[in-house]
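Notes to accompany the following structure.
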Amino acid sequence: MKFEDKFSLPSEWLSDESKQIVESCREIVEKEIFPVRQELDEDWKEHKIYEKLLKKLMLDFGWQCAPWPKEYGGFELDTITYCLCLEEMDRGDSGLATAADCGNWAFMPIFAPYPNEVLIKKFAPLACQTKKLFVGCAAITDERSGSDVENIDGTHGQYIATTAELDGDEWVINGHKLWPTNSGGVADLFAVFCTTNPGVQDDASFAIIYVPADTPGVRQGDPYQKAGMSGDKNGDVWFENVRVPKENRANLKPGDDAKAARLFMNAGNIGASAQALGIMRNCYELVKEWCDKRVVGGKILKEHSMTAGVLADIAMMIEVSRSDTYMKARMMDNPDAYGIDPAGKEFLAKTRANKLFVTDQMTIIINKAMDLMGSHGYAREGHIEKHWRDSKIISLWMGGRGLAKLDIARWFYDCKTF
């Protein structure tokens, strides 16, 4: 399969260093991931192959240094460069890309909107080295609900079931989390979304507290077997009278963790769109190769007008989706130029709209590619079916379509619904 990228890129926003980073990421994906990706689904539980590949990305490529400030040895990547790397990873394997991305994403609340120098100094030396994995895990979904936690502007933490009680200079955490990426023994550190005042609708009670995975009272279950996303290891995590220092809260000022969570969701929405774009681009590459060689009715498949129309649809959806995604990434990095608050309700509505639109196009493209390739698209060796299985969860995570539409309606139409 030949690398193809004819779609518009925000080149004027990329430094030469950024372009080299993206190219290096692409080389790892094509050299290390493409040759083994048909074997990866069988590795969902043991993660023997996945662990080697995760080390290639996080350590050899240096991905675990990506979000950290340069003064601590990190890369401090801008959002556009980060997302272009995610595109490349998802061309290869979305589960692995998710594990690598979420391994960094969990630390975002200590970087923005208010940098926590205490925690940055505490964790940066562990992350900004390339000898040992240091992987984060955002523990968000509670046993009884997930979107209630992520519905920041609707419930304001009222229905969060995981609790944190301050006892002297320590937080005591109790709760049961489901589905966090990099659970099941992968993560070194959990970012636990919890409440300091159960049942109260108040941003001041919303808390994000960091818990090392080896802390007494942390217990993890076996990974779930899913339809796809085998590299994204998910399982139950229990926190039973877990004690961590008071300083491990992302933001000590009441209310700031809720703002950090909103910015966290904005970054997650943009990252999810970048992941979807990686899947879409690989579908484009696979279907282009197929239609360049397949002969039907004595003609190359792409020369049939009906086929050409479908191919045009695929290219159009990628082109438009990419343009909007990187505009949102640009806004994230340059909020003053666009007059937006990256942790605000307006930007949340707009990144929700972007993710919803792009993931919808992703689903359509996968189906169109499979239709064009027929049984070969449905077969393992065609690779489309892997994207078909892996992609659905990208649409579902962070509250899915329902919560996305609520956040969009709240901003654009002043709806009060939650």
(Q) Below 8 Å between Cα atoms, with a sequence gap of 6+, how large is the relative contact order for the chain in percent? (A) 17
Q) In degrees between 0 and 90, to the nearest 10, how far off the longest principal axis of the chain does helix 384-396 point, with axes built from Cα atoms? A) 30
Q.
Students often get this wrong: which residues of the stretch 333-360 have the backbone nitrogen under 16 Å from the point 7 angstrom along Cα-to-C-beta of GLU12?
A. 334, 337-338
Q. Going by average Cβ neighbours within 10 Å, how do the peptides 256-266, 405-415, 3-13 rank, with the highest at the top?
A. 256-266, 405-415, 3-13
Q) When you count, for each residue, the other Cβ atoms within 10 Å and take the mean per peptide, how do 287-295, 138-146, 358-366 rank with the highest first? A) 358-366, 138-146, 287-295
Q: Return the long-range amide H neighbours of GLY399 (sequence gap of 5 or more, or a different chain), with a cut-off of under 5 Å between placed amide H atoms.
A: none
Q. DSSP beta bridges in the chain, what fraction antiparallel, as a percent rounded to 5?
A. 85
Q: Would you mind classifying the stretch 229-283 by shape? Square roots of the alpha carbon gyration tensor eigenvalues, ordered a ≥ b ≥ c; an a/c under 1.5 is rounded, otherwise it is prolate if a/b is larger than b/c and oblate if not.
A: oblate
Q) For the chain, modelled as a Gaussian network with Cα springs under 10 Å, which listed residue fluctuates most, SER18, SER395, SER183? A) SER18
(Q) Could you give the length gained by full extension between GLU381 and PHE34, i.e. 0.36 nm per residue of separation minus their alpha carbon distance, to one decimal place? (A) 123.7 nm
Q: Please give, to one decimal in nm, the separation of the simple spin-label points placed at LYS132 and ALA409, each 7 Å out from Cα toward the Cβ.
A: 5.0
Q) What shape does the stretch 13-151 take by its C-alpha gyration tensor, where a ≥ b ≥ c are the square roots of the eigenvalues and a/c under 1.5 counts as rounded, a/b above b/c as prolate, and the rest as oblate? A) oblate
Q: Given the options MET58, MET89, MET327, state which has the largest fluctuation in a GNM of the chain using a 10 Å cut-off (strictly under) for Cα springs.
A: MET327
Q. Expressed in nm to one decimal, what extension gain is obtained for the pair ASN174 and PHE3 from 0.36 nm per residue of sequence separation less their Cα-Cα distance?
A. 56.7 nm
Q | Charged-residue dipole, Cβ positions (Lys, Arg, Asp, Glu), the chain about Cα centre, Debye nearest 20 | A | 700
Q: Select from LEU40, LEU84, LEU166 the residue whose mean-square fluctuation is largest in a Gaussian network model of the chain (Cα-Cα springs shorter than 10 Å).
A: LEU166
(Q) Defining a contact as two alpha carbons under 8 Å apart and six or more residues distant in sequence, what relative contact order in percent does the stretch 136-254 show? (A) 30
Q: Specify the inter-centroid distance of the stretch 277-311 and the stretch 186-203, based on alpha-carbon positions, in whole Å.
A: 47
Q. Based on the alpha-carbon gyration tensor of the chain and its eigenvalue square roots a ≥ b ≥ c, which shape applies: rounded if a/c is under 1.5, prolate if not and a/b is larger than b/c, or oblate?
A. prolate
Q | the stretch 11-127 - percent relative contact order, Cα under 8 Å, separation 6 or more | A | 30
Q. Roughly what would the spin-label model give for GLU319 and LYS121, points 7 Å off Cα along C-beta, in nm?
A. 5.2
(Q) A 28 angstrom limit on the alpha carbon distance is what I want to check against. Which of LYS45/LYS70; LYS6/LYS132; LYS299/LYS368; LYS45/LYS392; LYS328/LYS416; LYS121/LYS355 exceed it? (A) LYS45/LYS70; LYS6/LYS132; LYS121/LYS355
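Just so you know, all these numbers are worked out from the coordinates, no wet-lab data involved. Given the structure is predicted, the values throughout are model-derived calculations rather than measurements. Please note: Cβ atoms are built from the backbone with ideal geometry, for glycine as well, and neighbour counts cover all protein chains shown.
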